[in-house]
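Remarks on the structure that follows.
The values are calculated or read from the model by the stated rules, or taken from the named source; none is laboratory data. Because the structure is predicted, anything quoted here is derived from the model rather than measured. Note that each Cβ is placed from the backbone with ideal geometry, even for glycine, and that neighbours are counted across all protein chains shown. Surface accessibility is based on the protein's heavy atoms, side chains included, excluding ligands, DNA and RNA. Shrake-Rupley method; radii C 1.70, N 1.55, O 1.52, S 1.80 Å.
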Amino acid sequence: MTEAVIRNKPGMASIKDMPVMQDGPPPGGFAPVRFARRIPNSGPSAMAIFLTTFGVFSWGMYEVGKGNKIRRAIKEEKYAARRAILPVIQAEEDERFVKEWKKYLAEEARIMKDVPGWKVGESVYHSGKWMPPASGELRPDIW
Amino acid sequence: MDSTMDASGEPIPTSSVLMAAAKHIGTRCRGENIAFLKCKKDDPNPEKCLDKGRQVTECVLHLLRELHQNCNKEMDAYAGCMYYRTNEFELCRKEQQAFEKACPF
């Protein structure tokens, strides 16, 4: 009943004659819309793009090389300083070690004094080179 | 860390003081250092290289005393900066320049 009230056309015989109510284009149709591709052929050529890329990359690598040189110089300075002070530190440690080692040998002699044929402080290795002591007893503060 | 010398006038060889003076040590105590390292290479036994080690220590302590005498303030500033910046040379350039201007090696 409501449709007949809204879409009423005066003088219609039945509801089959009601006018059509639709959303449609304006009279004369819509304006034309372009949807065709238009990719221009202008701009830099392939060789130009390649040379620009290669040039930028080369300049970047050159800057990287410059930076590496500077960083290497900084590291070299640090290493040279360490090399310069290494002997002092090693000498101090040697003094401390010899003192502790003498105490250790005295203790070993006291413990093993009744064992026949025991050579105090004898190296446990056959290579002939001096090896630092392998047990952790000499530096209990570190352990 | 306030001073590179302790109360009795002896230099304190901490890592920051040694790193601050490293270039001087590298040039002034070069002979002793090389002799000690050669001795160590021949025989790593500490008892065999004690005398050369003592020469190295004497050279370095003597050098530290001399630096303290000649450019006390700059050396303390540089060693203090090294202590603050954990021995990074790049962060202490100003103090380094002042120190090397005062005591060239």
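Tabulated data
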quantity: Rounded to 10°, Cα long-axis angle of helix A:46-111 versus longest principal axis of chain A; calculated: 30 degrees
quantity: Heavy-atom accessible area per residue - segment A:11-143, 1.4 Å, Å²; calculated: 88 Å²
quantity: Listed residues A:11, A:128, A:55, most fluctuating in chain A (Gaussian network, C-alpha, under 10 Å); calculated: A:11
quantity: Pairwise label distance in nanometres, residue A:109 with residue B:62, each label 7 Å out on the Cα-Cβ vector; calculated: 3.5 nm
quantity: Helix B:50-70 axis, angle to chain B major axis (alpha carbon atoms, nearest 10°); calculated: 20 degrees
quantity: Selected from A:18, A:61, A:112 as most flexible by GNM, with chain A as the system and alpha-carbon contacts under 10 Å; calculated: A:18
quantity: Paramagnetic reach from residue B:15 in segment B:68-83 [backbone N under 17 Å; point 7 Å along Cα→Cβ]; calculated: B:79-83
quantity: Longest exposed-site-free window of chain A, the sites being trypsin sites (Lys or Arg not before Pro) in a DSSP loop that have at most 14 other C-beta atoms within 10 Å; calculated: A:39-112
quantity: Cross-link pairs B:40/B:94; A:78/B:94; A:69/B:73; A:103/A:129; A:78/B:52; A:99/B:41 - those with Cα-Cα distance over 28 Å; calculated: B:40/B:94; A:69/B:73
quantity: Proximal lysines to residue A:66, defined as alpha-carbon separation beneath 18 angstrom and excluding residues fewer than eight positions away on the same chain; calculated: A:75
quantity: Peptide A:90-98, shielding by other chains (average Cβ, 10 Å cutoff); calculated: 6
quantity: Chain pair B, A: total accessible area buried, heavy atoms, 1.4 Å probe, Å²; calculated: 2000 Å²
quantity: Chymotrypsin sites (Phe, Trp or Tyr not before Pro) restricted to segment A:86-123 and DSSP loop, no more than 16 other C-beta within 10 Å; calculated: A:118
quantity: Chain B: most fluctuating residue of B:20, B:79, B:35 per GNM, C-alpha cutoff 10 Å; calculated: B:35
quantity: Carbon plus sulfur fraction of accessible area for chain A, probe 1.4 Å, in percent; calculated: 63 percent
quantity: Accessible area per residue in Å² at 1.4 Å probe, computed on chain B; calculated: 56 Å²
